[in-house]
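Student: Take a look at the following structure, please.
The values are calculated or read from the model by the stated rules, or taken from the named source; none is laboratory data. Predicted model, so just to flag it, every value in this text is computed and none were measured. Note that we place each Cβ from the backbone using ideal geometry, even for glycine, and neighbour counts take in every protein chain shown. Side chains are part of the model used for accessible areas, which takes the heavy atoms of the whole protein and leaves out ligands, DNA and RNA. Shrake-Rupley method; radii C 1.70, N 1.55, O 1.52, S 1.80 Å.
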Amino acid sequence: PRDRRLVRIAARLLEKPALDDTLEDWGDAVGASARTLARRFREDTGMSFAEWRQRARLVLALARLAEGEPVGALASALGYRSASAFTAMFRRTIGRPPQTYRPGATHGRP
């Protein structure tokens, strides 16, 4: 995002991806209404706040999986209630389970 308020939110979420604050919560923190933030997120990024947050978490997940971080620890660090919830989201979005992105994985091929 380009809007200074959104940049502040994005930076905080990249620093602490498990934060599950709503746009109403963020609005209080940055001095804007949730509606304004939602509109600006769509204008600046082409996606909703929820879509942006999920995509940011996926980018962080891919990097950390490549470093060998265990799926369970990663799921918790990204704010998912369980490794299976994270794995389901990952598979639905990426098309493969997160384990296939760990070092030495065969990417689902025999």
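Student: Please work out the FRET efficiency for the pair Arg42 and Ala105, using the Cβ-Cβ distance as r and a Förster radius of 35 Å; give the result to the nearest 0.05. Walk me through the numbers before you get to the answer.
Tutor: On the way: r = 35 Å, r/R0 = 1.01.
So the FRET efficiency works out to roughly 0.50.
Student: Further question on the same structure: Once the Cα atoms of helix 34-45 and of the chain are each reduced to a long axis, what angle between those two axes, in degrees from 0 to 90 to the nearest 10, is obtained?
Tutor: Once rounded, the angle reads 60 degrees.
Student: Roughly how many Å² is the accessible area per residue of the chain, as a whole number, for a 1.4 Å probe? Provide the component values of the computation, followed by the final result.
Tutor: Numbers: 6480 Å² over 110 residues.
Each residue of the chain exposes 59 Å² on average to a 1.4 Å probe.
Student: Still on this structure: Once you mark the trypsin sites (Lys or Arg not before Pro) that are in a DSSP loop and have at most 11 other Cβ atoms within 10 Å, what is the longest gap between them in the chain? If you can, show how the numbers build up before the last one.
Tutor: Details: sites that count: Arg2, Arg81.
Longest run free of exposed loop sites: 3-80.
Student: About its Cα centre, what dipole magnitude does the chain give when the only charges are +1 on Lys and Arg Cβ and -1 on Asp and Glu Cβ, stated in debye to the nearest 20?
Tutor: Values: 20 positive and 12 negative charges, 71 e Å.
Value, rounded to 20: 340 debye.
Student: Let me ask another. Just to confirm the number: angle between the C-alpha axis of helix 83-94 and the first principal axis of the chain, 0 to 90 degrees, nearest 10?
Tutor: 80
Student: Counting only helical runs of four or more DSSP H residues, what would the 222 nm mean residue ellipticity of the chain come to if each run contributes -39,500 (n - 2.57) and the total is spread over all its residues? Could the numbers behind the result be given before it?
Tutor: On the way: 6 runs with 69 residues, N = 110.
Dividing the helical sum by the residues of the chain leaves -19000 deg cm²/dmol.
Student: Specify the residue with the greatest mean-square fluctuation among Glu51, Glu15, Glu69, computed from a Gaussian network of the chain linking alpha-carbon atoms under 10 Å apart.
Tutor: Glu15
Student: By how many nm would the segment from Arg55 to Thr93 grow when fully extended, if each residue of separation counts as 0.36 nm and the alpha-carbon distance is taken off? It would help to have the intermediate numbers written out before the result.
Tutor: Working: separation 38, 0.36 × 38 = 13.68 nm, distance 0.93 nm.
So the chain would gain 12.8 nm between Arg55 and Thr93.
Student: Counting Lys +1, Arg +1, Asp -1, Glu -1, what net charge surrounds Gly31 among other residues with beta carbon under 11 Å of its beta carbon?
Tutor: Numbers: positive: Arg4, Arg5, Arg8; negative: Asp28.
Every neighbour counted, the sum reads +2.
Student: Go through [x] 17.3, 60; [y] 15.4, 53; [z] 21.6, 77 and flag the label whose value is the computed Rg and Dmax of the Cα atoms in Å for this structure.
Tutor: This structure yields the entry labelled [y].
Student: Just to check I understand the Karplus step: with θ = phi - 60° and J = 6.51 cos²θ - 1.76 cosθ + 1.60, what whole-Hz values come out for segment 63-68, glycine and proline as x?
Tutor: Along segment 63-68, the couplings run 5, 6, 5, 4, 7, x Hz.
Student: Angle check, please: helix 4-15 long axis (alpha carbons) against the longest principal axis of the chain (alpha carbons), in degrees 0 to 90, nearest 10.
Tutor: Helix 4-15 and the main axis of the chain meet at about 30 degrees.
Student: If you take the charge dipole of segment 15-90 about its Cα centre, with +1 on Lys and Arg Cβ and -1 on Asp and Glu Cβ, which of Ser33, Ser48, Gly79 is farthest toward its positive end?
Tutor: Ser48
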